[in-house]
Amino acid sequence: MPQARPMRADARRNYERLLKAAVAAFAEHGENASLDDIAKRAGVGAGTLYRHFPTRQELLEAAYVDHFQALGARAEELARELEPGEALMAWLNELCVATIQVRGLKSLLGSAVTDGGSVARTACGASVQGAAARLVEAAQREGVLRADLEPIEVLRLAHGVATASELADGQGREIQRYLTLLMEGLRA
């Protein structure tokens with residue numbers, strides 16, 4: 001298999017400018033931000049945007065991969081610092097808060113937790129799914145979480161908690177309450 005050539009310096013600059021513009025546009029307008037606007041903000045043409053990111057989904061993933069990787073790393077920190085059930089609860093809370101605070105993240109999380117979704121097979125999906133698996137399995141080994149739960153189910157329920165909380169007040173202030181209710185129902 002031939003190795004991919006490194007990007008030319010100008011192509012790399014365009015890529016970085018597109019990512020920076022995309023993050024800003026998604027923060028302002030959510031995941032449906034205009035791709036033409038993103039290209040204009042980056043000072044490139046639409047063709048350059050599509051050459052680097054053939055689909056909106058690929059641009060979203062590239063813009064938010066750092067967020068997902070940070071969430072994965074945070075799960076590891078919490079697992080070292082807290083008991084398994086507490087670590088899972090704290091991480092789910094942070095995940096839900098992030099999906100509301102960072103526009104576009106909830107859409108990607110939703111895609112990452114569906115069977116066969118393209119995001120589930122990317123760095124974004126793998127990071128979150130791996131973190132959830134480690135925390136859920138640790139909580140199950142400790143006997144604080146039902147043994148018949150799959151990590152993907154817990155992620156789907158967390159996505160539902162974030163959505164319900166956002167619908168309740170627009171800001172996610174009910175996340176902790178909803179997660180507490182959820183975790184009570186999932187206890188072993």
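The values are calculated or read from the model by the stated rules, or taken from the named source; none is laboratory data. Everything numeric in this text was worked out from a predicted model, so none of it was measured. Cβ atoms come from the backbone with ideal geometry, glycine included; neighbour counts cover every protein chain shown.
Overview of values
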read-out	value
So Ser107, is it touching a Cys at 6+ places or on another chain (Cβ under 9 Å) and of a type in the set (S, T, N, Q)	no
Only one of Gly160, Gly130, Gly125, Gly110 that is in a helix (DSSP H, G or I), crowded, with 20+ Cβ neighbours inside 10 Å and among the small types (Gly, Ala, Ser)	Gly125
Test: residue in the range 83-105 that is free of Cβ contacts under 8 Å to residues at least 12 places away in the same chain, assigned to a helix (DSSP H, G or I) and within 26 Å of Ala188 (Cα to Cα)	yes
Filter pass, Gly45 being farther than 30 Å from Val161 by Cα, of a type outside the set (Lys, Arg) and outside the structural domain of Val144 (by TED's automatic domain parsing)	yes
Number of the condition not met by Leu145 [criteria: (1) surrounded by 15 or more Cβ atoms within 10 Å (Cβ to Cβ); (2) assigned to a helix (DSSP H, G or I); (3) not hydroxyl-bearing (Ser, Thr, Tyr)]	(2)
From Ser165, Ser107, residue being modelled with pLDDT under 85, of a type in the set (Gly, Ala, Ser) and under 24 Å from His29 (Cα atoms)	Ser107
